[in-house]
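Data first, discussion second: the structure below is written as structure tokens.
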Amino acid sequence: MANKRKIINDPVFGFLTIPNELVYDVLQHPYVQRLSRIRQLGLSYLVYPGALHSRFGHSIGAMHLMQEAITALRMKGVEITDEESTAAQIAILLHDIGHGPFSHVLEHTLVDGVTHEDISLLMMERINNDLMMRYAPNGDATLNGGPLDMAIAIFKNEYPKHFLHQLISSQLDVDRMDYLCRDSFFTGVQEGRVASERLLKMLDVRDDRLVVQVKGIYSVEKFLVARRLMYWQVYLHKTSVAAEQHLIKILSRAKEIARGANNCQLSNLNSQLFCSPALHYFLYNHVTFDDFAVESEALDQYALLDDTDVLSAIKAWISCGDKVLSALSRSFIDRQLFRGELLEQPLTEAEKNALNKHYAEALGVSEEDGAFCWSEHVSTSNTYSEKADTIDILYSDGTVRDIAEASEILDLEALTRKPTKRYLFRYRLD
């Protein structure tokens, strides 16, 4: 029998261990392996050349931090069974499994009303079914269903121990700890580095909620500051957002051409657009949540879709017969990305019409087609939300206070404010 207790050498945290056979089999599932073909930071590599790490690396890093968190909590007397430990590790391992190519781009273009969280849950349930016969071939009643049932319950916040869900999804979870450390490492933006090891050792549980011992308050403050800085320096960097808006317009135009080919009205192309079968499925079909929930084909095709499908298609579309798609694809591949400028206020209808007319004349297309050459976008981020699970600080006398009140250096108003920037991104004609 193959040895399934593996060690992985991770550049951020060193040697990570696969704790048991079930976690190993989940890791080997094609849905999970697909994450190695999807970049964690989407198009940020166009700004930070080192940001080529994958969502697979992030997932196993977050799993490692979950192991460390559980070890720290057990040392403080928090009861966590081996089954709960494995389930929590699987839940965090699969938390990002539903992400499509280039992060959230697919959600805005090729599918309708479907989020990556929706798809993550559907994929987890499919993996659960795939592994069920292997771990309960004779209907072993001790499993109480599928081997991932507990992991799914923790992921959905339906498991009695709420603090396990908080480790996966809260304002101080192992997901955020990993991506801040990992993204800082690969981009070289040192402001994002957080003291994850110390934060984990300071965790405790009171009334089924995660708390941080008061001596760890400075690490929490640094964590929140690092998150704020990383959002504006990396995740919402103007050039990264411009590239994403550029890509959204490319896929939207391709979707429009595909819809025209189906209706025999909108497209004068003699043949269908070049693309992989998986990308073809989403371009030439109107895919909604019902398609994912009711039929298996949508999920099967989605599981085959990754960054390479999109990039190879865009390279081919440079030579397609559509002026707009060809121009947008050429400029994207050549890194002549949309130019961005800050807006003081939303564009008026007259300004939007002027932009459509400008690009229509420049490219020799209709004003309707000219609308694919620009985008108005609002970037926003909040460091901390009082409405979500708060970050609670545990004092030596047993009292608990929200970090927004406990911190002496973080301003409550600044901490909870959601700053926004409005941009006009537009195709470069020069």
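The values are calculated or read from the model by the stated rules, or taken from the named source; none is laboratory data. Because the structure is predicted, anything quoted here is derived from the model rather than measured. Cβ: placed from backbone, ideal geometry, glycine included. Neighbour counts: every protein chain shown. Accessible surface areas use protein heavy atoms only, side chains included; no ligands, DNA or RNA. Shrake-Rupley method; radii C 1.70, N 1.55, O 1.52, S 1.80 Å.
Details
- The set of residues in the range 282-300 being in a helix (DSSP H, G or I), surrounded by fewer than 20 Cβ atoms within 10 Å (Cβ to Cβ) and of a type outside the set (Asp, Glu) consists of Phe289, Ala293, Val294, Leu299.
- Looking only at residues in the range 189-214 that are in a helix (DSSP H, G or I) and open to solvent by 40 Å² or more (accessible area, probe 1.4 Å), the one that is farthest from Asn9 (Cα to Cα) is Val214.
- For the residues Leu347, Leu337, the requirement of being open to solvent by less than 20 Å² (accessible area, probe 1.4 Å), within 16 Å of Cys373 (Cβ to Cβ) and assigned to a loop (DSSP other than H, G, I, E, B) singles out Leu337.
- The residues of the range 370-391 that are of a type outside the set (Val, Ile, Thr), part of a strand (DSSP E or B) and at pLDDT below 95 amount to a single one, Ser379.
- Among the residues making up the range 1-27, those that are among the aliphatic types (A, V, I, L, M) and surrounded by 13 or more Cβ atoms within 10 Å (Cβ to Cβ) are Ile8, Val12, Leu16, Ile18, Leu22, Val23, Val26, Leu27.
- Residues that are more than 21 Å from Phe186 (Cα to Cα) and either under 18 Å from the mean Cα position of the chain (by Cα) or open to solvent by 50 Å² or more (accessible area, probe 1.4 Å) (or both), drawn from the range 28-53: Gln28, Pro30, Tyr31, Val32
- Any chance Arg428 is assigned to a loop (DSSP other than H, G, I, E, B) and touching a strand residue (DSSP E or B) at 6+ places or on another chain (Cβ under 6 Å): yes
- Whenever a residue of the range 324-345 is closer than 12 Å to Ala243 by Cβ, its partners that are among the aromatic types (Phe, Trp, Tyr), lying with C-beta atoms within less than 6 angstrom and at least six residues away or across chains, give the pairs Phe338/Phe425; Gly340/Tyr423; Gly340/Phe425.
- Gly61 meets each of the listed conditions (1) closer than 23 Å to Gln166 by Cα; (2) over 19 Å from the mean Cα position of the chain (by Cα); (3) of a type outside the set (A, V, I, L, M, F, W, C) apart from (2).
- When Ile152, Ile90 are checked against the criterion of being open to solvent by less than 10 Å² (accessible area, probe 1.4 Å) and at pLDDT 85 or above, Ile90 stands alone in meeting it.
- Residues within the range 383-408 that are crowded, with 16+ Cβ neighbours inside 10 Å and of a type in the set (Gly, Ala, Ser), tallied: 3
- Tally, over the range 306-326, of residues that are open to solvent by 20 Å² or more (accessible area, probe 1.4 Å), part of a helix (DSSP H, G or I) and hydrophobic (A, V, I, L, M, F, W, C): 2
- Residue pairs whose Cβ atoms lie under 8 Å apart, separated by 6 or more positions or on different chains, with the first residue in the range 165-188 and modelled with pLDDT under 95 and the second of a type in the set (Phe, Trp, Tyr) and not in a helix (DSSP H, G or I), are Gln171/Tyr384.
- Restricting attention to the range 409-430, the residues that are open to solvent by 70 Å² or more (accessible area, probe 1.4 Å) and either over 25 Å from Gln233 (Cβ atoms) or of a type in the set (Val, Ile, Thr) (or both) add up to 4.
- Looking only at residues of the range 357-369 that are touching a residue at least 40 places away in the same chain (Cβ under 8 Å) and in a helix (DSSP H, G or I), we find that the one that is surrounded by the most Cβ atoms within 10 Å (Cβ to Cβ) is Tyr359.
- Enumeration of residues in the range 169-188 that are open to solvent by 10 Å² or more (accessible area, probe 1.4 Å) and of a type in the set (A, V, I, L, M): Leu172
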